[in-house]
Structure formats: structure tokens, C-alpha cells
1. I need a count of the residues in segment 197-219 that are touching a residue at least 40 places away in the same chain (Cβ under 8 Å), more than 13 Å from the ligand (Cβ to nearest atom) and open to solvent by 30 Å² or more (accessible area, probe 1.4 Å).
2. Among the residues of segment 1-27, write down those that are within 19 Å of residue 211 (Cβ to Cβ), in a loop (DSSP other than H, G, I, E, B) and more than 12 Å from the ligand (Cβ to nearest atom).
3. Checking the conditions here, which among 86, 10 is of a type outside the set (A, V, I, L, M) and more than 29 Å from residue 140 (Cβ to Cβ)?
4. List the strands (runs of 3 or more DSSP E) that sit entirely inside segment 28-143 and contain at least 2 residues that are under 15 Å from the mean Cα position of the chain (by Cα) and more than 13 Å from the ligand (Cβ to nearest atom).
5. Suppose we filter 74, 90, 114 for residues that are on the phi < 0 side of the Ramachandran plot, of a type in the set (Val, Ile, Thr), open to solvent by 50 Å² or more (accessible area, probe 1.4 Å) and out of contact with any strand residue (DSSP E or B) (no Cβ under 7 Å at 6 or more places or on another chain); which single one remains?
6. Pick out the one residue from 22, 60, 12 that is open to solvent by less than 40 Å² (accessible area, probe 1.4 Å), among the hydrophobic types (A, V, I, L, M, F, W, C), at pLDDT 95 or above and under 19 Å from residue 116 (Cα atoms).
Amino acid sequence: MSKEKNILKNLAIIMDGNGRWAKERGLVRTKGHEQGANITRDITQYCAEHETIETVTFYAFSTENWKRPKYEVTFLMKLLDSWLKNELQTYHKFGAKFETVGNIEGFSPKLQETIAYIKKETAHHSNVTQILALNYGSREEIAKAANRLAKRGEEINEESLGTELQTPYIDLDLMIRTSGEQRLSNYLLWQNSYSEFFFTPTLWPDFTPRELEDIIDQYVNRNRRFGGL
Ligand code: FPP
């Protein structure tokens, strides 16, 4: 009897290697981020067209990324703002809904406004939800959720904490990190509890829907036991 294949609903990606991609080409690091943003679009389109994928969460800016040189942080903020504005038409085209996880309040009022606008304009789409993790850190997300429960005098257990998180709807199935690094970097620690991990040496700006398809082909045949036999 053939084994049932795993279904992929919730995917998360750590987009790593933009800087190295640019360096290999003698370009400034920011060119790598620009090309990386194009790949984020291609992968979102693939996910929107995929039959079973419901959410794709991309790590776009971590709470630790503020430590980068000021010019790079400023560039990433500007890129995000202009990219989102340009992206509205593609969200409509792909039927993709835009959401975020992380401390948006840490961004400029202008960027916060853009984010709120794109969320509102795409809220009705249902082919896929693209979630950008922005100014995100998983330990902070968990600590804040626990704090809110404590302040309300509610019991802290798996169920209450799980639903109090900013991302309660995500039980991740598959987690991919590009560029050969094999670590989680404070990303969706709770939501990754039972996900399958894939690490590829491909740098994010070279990642393609074709490679994602290959990874998904392997994922559907992996033996997921969730602690059972
Ligand atoms: C890692 O590459 C990538 C990031 C810090 C952020 C990801 C950002 C993008 C893909 C561009 C912006 C995204 C959107 C959606 C507008 P790295 O700089 O750490 O690469 P390196 O490890 O080779 O230096």
C-alpha cells in the first residue's frame, strides 16, 4: 500500500545570501536585496498558483538586523516601502493577501502607513497569504504573548499561548533556509515545532520556483510522525 503524501499548507522561508550574491558579482550588497525582492515576488506567485499552500511567511527583517550599517538599514526600509507600493498590482494579479508579523511600530510612520494600506487593499484575496516578518523576533513574540495573558490574569498553557501569538494560525509544515546556513535565527520558534526543514546552498537571489518545486516534491514524501510511530 502506498504511503499517503504530506500536504503542504504553511511554508516559511529564511531568505539568506543576498549580500554574498552581490559580492560574487562585484556589486554593492544592496543590489542583492533588490534582486532578492524580485525572487520574493516569483515565489509568492508560485505559492498563489499552488493548490494547497495557504500561507508563505518570509523573514524580511529581524529585530537583529538593526545592527547592520545604517546605510543598509535605510536602504532596506526604502526598498520595502517602494516594493510594497509597486507590489499592489501583483498582489491583485496573484490573488494574494498581504500580512505581517513583528513590531511594525518600530518603523517610520510613512512605512507603517504603506503597510496598513497594502493590508487593507489585499484583505479580500484568498489564493495565498503572504506574510512578511518585519522587525520580528520569535522570543519576543512569545514573551509578549505570555505577558498579555499574565496581565489579563489568564492561565498560560500551550493552547492559550499558542492562540495569543501574533501568528496563531500558522502550524508550519515546511521551513526552508537558503545560502547554506543551517540555523533558525530566532524565526517562528513556536510555529516550527513540527515542521520539516530544508537547507539549500542556493543564495536567495538565485532561488527559483523550480527549486521550490523540487523541495516540495521531497517534502511530500517525507515521513512526518509528529512524535508518534
Ligand atoms: C539576508 O541576506 C537577507 C535579509 C537580511 C533580508 C531579506 C531581504 C530581502 C529579500 C529584500 C527585501 C525584501 C522585500 C520583500 C522587500 P544577507 O544580507 O544576510 O546575505 P549575506 O548573508 O550573504 O550577507
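1. Here the count works out to 3.
2. Those that are within 19 Å of residue 211 (Cβ to Cβ), in a loop (DSSP other than H, G, I, E, B) and more than 12 Å from the ligand (Cβ to nearest atom): 6, 8.
3. After applying the criteria, what remains is 86.
4. 96-101, 128-136
5. Step by step, each of 74, 90, 114 is checked, and only 74 is on the phi < 0 side of the Ramachandran plot, of a type in the set (Val, Ile, Thr), open to solvent by 50 Å² or more (accessible area, probe 1.4 Å) and out of contact with any strand residue (DSSP E or B) (no Cβ under 7 Å at 6 or more places or on another chain).
6. Exactly one residue qualifies, and that residue is 60.
The values are calculated or read from the model by the stated rules, or taken from the named source; none is laboratory data. All of these numbers come straight from a predicted model, not from anything done at the bench. Heads up, the Cβs are rebuilt from the backbone with ideal geometry, glycines too, and the neighbour counts pull from every protein chain shown. Heads up: the accessible areas ignore ligands, DNA and RNA and are worked out on the full protein's heavy atoms, side chains in. Shrake-Rupley method; radii C 1.70, N 1.55, O 1.52, S 1.80 Å.
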